1. Top mean-square fluctuation among Asp160, Asp82, Asp151, Gaussian network model of the chain, C-alpha springs under 10 Å?
2. Taking the Cβ-Cβ separation of Phe33 and Arg55 as r and a Förster radius of 30 Å, what is the calculated FRET efficiency to the nearest 0.05?
3. Give me the angle, in degrees from 0 to 90, between the Cα long axis of helix 13-66 and the longest principal axis of the Cα atoms of the chain, rounded to the nearest 10.
4. Using only helices, what value at 222 nm comes out for the chain when you add -39,500 (n - 2.57) per DSSP H run of length 4 or more and divide by the total residues, to the nearest 500 deg cm²/dmol?
5. Determine the shape class of the chain: with a ≥ b ≥ c the square roots of the Cα gyration tensor eigenvalues, call it rounded for a/c under 1.5, and otherwise prolate if a/b is greater than b/c, oblate otherwise.
6. Where nothing but the Cβ of Lys and Arg (+1) and of Asp and Glu (-1) is charged, how large is the charge dipole of the stretch 123-170 around its Cα centre, in debye to the nearest 20?
7. Grab the Cα-Cα distance for Leu170 and Thr131, subtract it from 0.36 nm times how many residues apart they are, and report the gain in nm with one decimal.
8. In nm, to one decimal, how far is the modelled label at Ala19 from the one at Asp197, with both set 7 Å along Cα→Cβ?
Amino acid sequence: MNKYKNEERGLTLIEVLIAIGIFLFVMFMTWLFIRQAYSVQSFSFGQATAITEARRGVEKLVKEAREALPGDTGAYSIESADEFEFIFFADYDRDLAVEKVRYYLDGSDFIKGVTEASGNPLTYPAEDEETTVISKYVRNEADNPVFSYYDGDYSGSESDTPLTTPANPLDIKLVHVRLRINVEPGQAPKDFDLESDVQIRNLKDNL
């Protein structure tokens with residue numbers, strides 16, 4: 001009669017090392033996948049939030065600038081019009097007093113500044129300005145201004161040439177606003193451009 005002998009053989013050191021290596025590789029690849037998925041999701045959420053905030057800020061700017069008025073000091077409706085700063089007067093809070101409103105880009109922050117008139121005679125003291133960051137992650141560069149200005153010949157076509165900045169307030173009839181938003185430059189998705197036009201009612205002629 002043939003006898004069979006069962007021999008139990010354990011794993012060799014090499015086999016153990018190979019198994020550990022495979023396990024560590026699988027764990028590393030899984031970690032990379034989770035990390036990448038989290039990064040993409042986090043960026044997408046941050047980008048969406050930044051775009052929403054920028055859109056609200058631009059909507060406020062358009063509403064306020066559309067109803068620009070002469071200042072309580074008798075100043076013209078527009079005080080300054082540059083590529084990255086726009087200053088005008090408006091009763092933005094409906095309190096029957098006209099405030100000086102300044103929108104400007106400081107680094108990657110799009111900021112709104114408001115100054116109440118005070119004193120006798122009335123003035124708008126620069127030190128009294130109250131500022132609020134209304135949009136972050138704005139990536140406009142020197143060749144992509146936040147503000148462009150047009151006169152009464154504006155037709156809405158690509159051939160329209162903006163006024164040279166700083167623009168003469170007396171020539172301005174329309175303001176074009178453009179914010180380029182990106183939470184992390186260089187990472188997909190690409191920059192998001194938010195644009196809007198403001199026709200200043202009290203300065204309109206043939207628009």
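Taken together, the values in this text are just the output of simple stated rules run on the coordinates, not laboratory data. Computed from a predicted model, the values in this text were never measured in an experiment. So basically every Cβ, Gly included, is an ideal-geometry build from the backbone, and we count neighbours across all protein chains shown.
1. In the Gaussian network model the winner is Asp160.
2. 0.35
3. For 13-66 against the chain, the angle is about 10 degrees.
4. Here the helix-only value at 222 nm equals -10000 deg cm²/dmol.
5. The shape class here is prolate.
6. Here the size comes out at about 180 debye.
7. Extra length available between Leu170 and Thr131 comes to 11.4 nm.
8. It works out to 7.3 nm between the two label points.
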